[in-house]
Amino acid sequence: MTLRIGVIGTGMIGQQHVERLHGLVPGATVTAITDHNETLAKEVASQYDGITVHPDGHSVINADDVDAIVVTSWGPTHEEFVLASIAAGKHVFCEKPLATTAEATLRIIEAEVAHGSRLVQVGYMRRYDAAYREMKATIALGVIGAPLVFMSGHRNPDVPAIYTREMAIVDTAVHDFDVARWLLDAEITGIRVIAPRSNRHGLDREGGDDLQDPLLMTVETSTGAIIHVETSVNIRYGYDIRGEVIGEDGTVALADRGLTAVRANGAVSVQVPGDFQARFRSAFDTEFTEWVAQVSSGEPLTGPSSWDGYAATAVCAAGVQALQTGERVGVDLVEKPALYA
Ligand code: NAD
Ligand code: ISE
């Protein structure tokens with residue numbers, strides 16, 4: 001059976017996911033799309049056979065030729081489309097964040113729990129990256145002993161003018177929070193945020209606010225391990241995702257990414273990806289391949305759940321408060337429903 005997918009939001013990442021789901025991922029096809037910008041949606045549909053443009057997200061969700069939904073519109077619209085998909089009894093893959101407030105993510109959890117089985121998956125694609133998976137397997141084998149510290153560096157060469165100070169937490173570090181919870185098998189219980197003087201590239205930006213960049217976050221977990229997150233979003237040299245878990249007997253780190261290492265002129269050089277697409281392309285492919293296979297076969301979903309979406313958003317809210325106040329802010333999650341055990 002081919003899974004017929006409707007995509008809501010055909011901007012930057014929506015277009016990439018349409019391409020992926022309409023040819024690359026086995027057993028999937030895109031039948032319906034929509035975007036606030038109808039001209040854009042029509043332009044995207046015209047590049048493929050068999051895709052109908054719908055007037056809005058609800059029309060996509062309720063279309064007879066749509067089995068499952070992918071939400072790639074702006075964050076504040078996610079709650080509405082995820083809730084409507086659950087009401088229609090259809091599987092929904094929602095790009096991060098699941099919703100922009102913890103209260104909204106809890107409404108999604110409530111609706112999914114009332115439905116009685118998992119329908120929602122959230123786009124935290126790092127869990128599908130081969131290097132992070134090997135890191136998690138290494139920890140599980142006990143090679144480095146119990147994990148004590150996770151150092152996570154999240155570096156972007158630049159960010160658009162619309163990027164605000166808080167986005168270093170809610171848009172960028174949110175990936176580090178999710179992957180840390182998954183790697184360490186722990187919940188996040190508190191956060192502090194400090195900043196050195198700002199990178200000059202984050203100041204006097206044309207059409208954008210001044211940024212506090214980099215940010216350094218100290219994040220506490222339920223197991224007693226500490227996570228250190230560094231976001232540097234104007235670092236120019238490349239898109240570089242660093243990660244090292246320090247355990248009782250050793251460490252495991254993400255290796256450099258280049259396919260080759262050049263030794264010449266007294267130096268060794270390895271290429272750094274230019275952007276998140278280059279760094280995580282195969283993680284996105286794997287993420288959708290596994291999601292489509294699980295939805296089509298009716299197997300239980302194993303990807304990031306509404307609970308993971310809630311936990312990440314709750315940490316972000318605490319992180320923003322910690323940035324604004326300079327204080328440690330605790331993260332108090334509600335009791336986890338059995339559906340997500
Ligand atoms: P974008 O602005 O390029 O695209 C979003 C599109 O959604 C726009 O074309 C907009 O017109 C459309 N849209 C907004 N509201 C809509 C509505 N109510 N109905 C229909 N269409 C609507 O943004 P983007 O960079 O593609 O990001 C989209 C989402 O993907 C965001 O939530 C973002 O955080 C997430 N994202 C995830 C990753 C990742 O690494 N997993 C990377 C980039 C973006
Ligand atoms: C973007 O929205 C993403 O999700 C990327 O993965 C991240 O690296 C970037 O900082 C965000 O702006």
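The values are calculated or read from the model by the stated rules, or taken from the named source; none is laboratory data. On a predicted model such as this, the values are computed, not experimentally measured, just so you know. All Cβ positions, even for glycine, are placed from backbone atoms using ideal geometry, and neighbour counts span all protein chains on display.
Per-structure values
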{"read-out": "Contacts under 9 angstrom Cβ, first residue in segment 275-291 being within 22 Å of residue 234 (Cα to Cα) and of a type in the set (A, V, I, L, M), partner within 11 Å of ligand 1 (Cβ to nearest atom) and modelled with pLDDT of 95 or more, 6 or more apart", "value": "278/239"}
{"read-out": "Qualifying residues in segment 152-165 (those that are of a type outside the set (A, V, I, L, M) and surrounded by fewer than 18 Cβ atoms within 10 Å (Cβ to Cβ)) - the one nearest to ligand 2 (Cβ to nearest atom)", "value": "160"}
{"read-out": "Among the residues listed as 30, 70, the single one being in contact (Cβ under 8 Å) with a residue 60 or more places away in the chain, assigned to a strand (DSSP E or B) and aliphatic (A, V, I, L, M)", "value": "70"}
{"read-out": "Index of the failed condition, residue 173 passing every other in (1) of a type outside the set (Ser, Thr, Tyr); (2) away from ligand 1 (no atom under 16 Å from the Cβ); (3) crowded, with 16+ Cβ neighbours inside 10 Å; (4) not in a loop (DSSP other than H, G, I, E, B)", "value": "(2)"}
{"read-out": "Where a residue in segment 82-100 is within 18 Å of residue 18 (Cα to Cα) and its partner, wherever it lies, is among the charged types (D, E, K, R) and within 16 Å of ligand 2 (Cβ to nearest atom), with Cβ under 8 Å and at least six apart", "value": "96/178"}
{"read-out": "Candidate set: segment 135-153, residues that are of a type in the set (Val, Ile, Thr) and within 26 Å of the chain's Cα centre (by Cα); chosen: the one farthest from residue 216 (Cα to Cα)", "value": "138"}
{"read-out": "Yes/no for residue 188 being within 22 Å of residue 336 (Cβ to Cβ), in contact (Cβ under 8 Å) with a residue 60 or more places away in the chain and surrounded by 18 or more Cβ atoms within 10 Å (Cβ to Cβ)", "value": "yes"}
